[in-house]
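Reviewing the structure listed below.
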Amino acid sequence: MLRFCLIGTGRAGLVHATNISRRIKSAQLVALCDTDSQALARAAAHHKVDRLYHDYQEAVRDPHVEAIVVATPVSFHREIACEAAAQGKHILLEKPMALSVAECEDINEAVARAGVTLQIGFMRRFDAAFLEAKELLGSGELGRVMIIKSTGRGPGLPPPWIYDVTKSNGILAEVNSHDFDCVRWLADSDIVRVYAEAANLKCDHAREDHPDFYDNAVVTLRFSDDSLGMIDGTCPADYGYDARVEVLCEKGAIFIGSVQDRGISQVMSDGRITTRAIDSWRSLFKEAYVAELEHFIECVEQQTVPRATGLDGLKAVEAVVAANASVASGQPVVLHAIDRQNSPSTTR
Ligand SMILES: NC(=O)c1ccc[n+]([C@@H]2O[C@H](COP(=O)([O-])OP(=O)(O)OC[C@H]3O[C@@H](n4cnc5c(N)ncnc54)[C@H](O)[C@@H]3O)[C@@H](O)[C@H]2O)c1
């Protein structure tokens, strides 16, 4: 039984709380922490937890706690993760890992010093369809990857703290961190150049206070092995949650995901077909959130390296920061030199 404290009892935190307390036999939710008293009380009553904290510094010092799930807004990730590591706690840290590469480096150094396990909440890496695609690409059957397109669109308005891009890195971080991570994971190649365009097309209410806020973005990418990528992000997408990826390879293509949920379609006598769209990340990745926690616990117990490491978290943040810099400057941003020597097109 790994004893968990959840820090941040909001949207993502409650998904983890439910999974720890109801779905995973080898885990126990023993403590909760949130600066918001009402959110904390609600979560405590629902999950019958009595070790309650308003201050994460006290929560990470609780000797009864062995592991921490961090699901606060990203601007607190660095301080909470570093303090938790210093107290010897294992950490499942929600994406985006932090606000900057320097913050990610601080976390990775604190984790290495303490010798604890750190896993980033990239649940797509635990989804059955994404895993099958990764395996197929690894088999070499489809030849080299040429273009990866990843769409990440969230339903509903973002939480209020996202509007301040300096404190959240915007939609590209909040919604599209998963896309930046999974294109790099599937391409098996680092992102070396990004060019991004973004606009606020729906959130008029945010325009005055947050002129830098954007609710739609498109990004083009080049990978170190010379392959290409595209990411698009929107929040809110009124039709539902949309996470689709297309991988075009030399000898075929892989299509992951659909806008339709895994339920029924109804065909009418006049030929109309009706079906339901996926309503939320909670439903699409329901099993992946459980699998990521199970994997985390296994890594802690067996002292093995998680499938989504602090370096993976850092690489996604690096690409997001570069994409935001590209939005601001209107220019492509180079992250690393393109390694044509090792590109499959020159080594084939
Ligand atoms: N993996 C996923 O699919 C997924 C989905 C949604 C959100 N997230 C991530 O989870 C994190 C939280 O997002 P959310 O949408 O749940 O936010 P939220 O606003 O719904 O919840 C955040 C909670 O943290 C609390 N909080 C804020 N500062 C705190 C602090 N210093 N100490 C303790 N508690 C604090 C808030 O009171 C709130 O209850 C973000 O990093 C977000 O990107 C991941």
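The values are calculated or read from the model by the stated rules, or taken from the named source; none is laboratory data. As the structure is a prediction and not an experimental result, all values here were calculated from the model. Neighbour counts run over all protein chains shown; Cβ positions are idealised from the backbone, glycine included. Ligands, DNA and RNA are excluded from the accessible area calculation, which covers all protein heavy atoms including side chains. Shrake-Rupley method; radii C 1.70, N 1.55, O 1.52, S 1.80 Å.
Assorted remarks:
- Where a residue in segment 110-122 is farther than 20 Å from Leu2 by Cα and its partner, wherever it lies, is open to solvent by less than 20 Å² (accessible area, probe 1.4 Å) and in a helix (DSSP H, G or I), with Cβ under 6 Å and at least six apart: Ala110/Ala85; Phe122/Asp181
- Unique match (being open to solvent by less than 20 Å² (accessible area, probe 1.4 Å) and in contact (Cβ under 8 Å) with a residue 60 or more places away in the chain) among Ala206, Ala196: Ala196
- Scan of segment 21-51 for residues that are within 11 Å of the ligand (Cβ to nearest atom), charged (D, E, K, R) and under 21 Å from Glu83 (Cβ atoms), ordered by number: Asp34, Asp36
- The residues of segment 32-55 that are touching a strand residue (DSSP E or B) at 6+ places or on another chain (Cβ under 7 Å) and surrounded by 23 or more Cβ atoms within 10 Å (Cβ to Cβ), listed by number, are Leu32, Cys33, Ala43.
- Single condition His178 does not satisfy, out of (1) farther than 27 Å from Ala86 by Cβ; (2) within 13 Å of the ligand (Cβ to nearest atom); (3) not in a helix (DSSP H, G or I): (3)
- Selection of segment 127-175 for residues being within 15 Å of the ligand (Cβ to nearest atom) and in a helix (DSSP H, G or I) yields Phe130, Pro160, Trp161, Ile162, Val165, Lys167, Ser168, Gly170, Ile171, Leu172, Ala173, Glu174.
- Evaluating Ala43 against the criteria (1) over 25 Å from the mean Cα position of the chain (by Cα); (2) in a helix (DSSP H, G or I) leaves one unmet condition, (1).
- Within segment 310-334, the set of residues being under 30 Å from Glu132 (Cβ atoms) and surrounded by fewer than 19 Cβ atoms within 10 Å (Cβ to Cβ) comprises just one member, Leu311.
- Options Val70, Val30, Val65; residue that is touching a Cys at 6+ places or on another chain (Cβ under 6 Å) and either at pLDDT 95 or above or over 24 Å from Lys167 (Cβ atoms) (or both): Val65
- Given (1) in a helix (DSSP H, G or I); (2) more than 12 Å from the ligand (Cβ to nearest atom); (3) over 22 Å from the mean Cα position of the chain (by Cα), index of the condition Thr18 fails: (3)
- Inside segment 56-74, residues that are open to solvent by less than 40 Å² (accessible area, probe 1.4 Å) and within 24 Å of Tyr289 (Cα to Cα) make up a count of 12.
- You will find that of Arg272, Arg307, the residue that is among the basic types (Lys, Arg), farther than 27 Å from Gly229 by Cα and surrounded by fewer than 22 Cβ atoms within 10 Å (Cβ to Cβ) is Arg272 and no other.
- Single condition Lys167 does not satisfy, out of (1) crowded, with 24+ Cβ neighbours inside 10 Å; (2) modelled with pLDDT under 95: (1)
- Ala277 vs. criteria buried (at least 20 other Cβ atoms within 10 Å of the Cβ), of a type outside the set (Ser, Thr, Tyr) and over 16 Å from Ala319 (Cβ atoms): no
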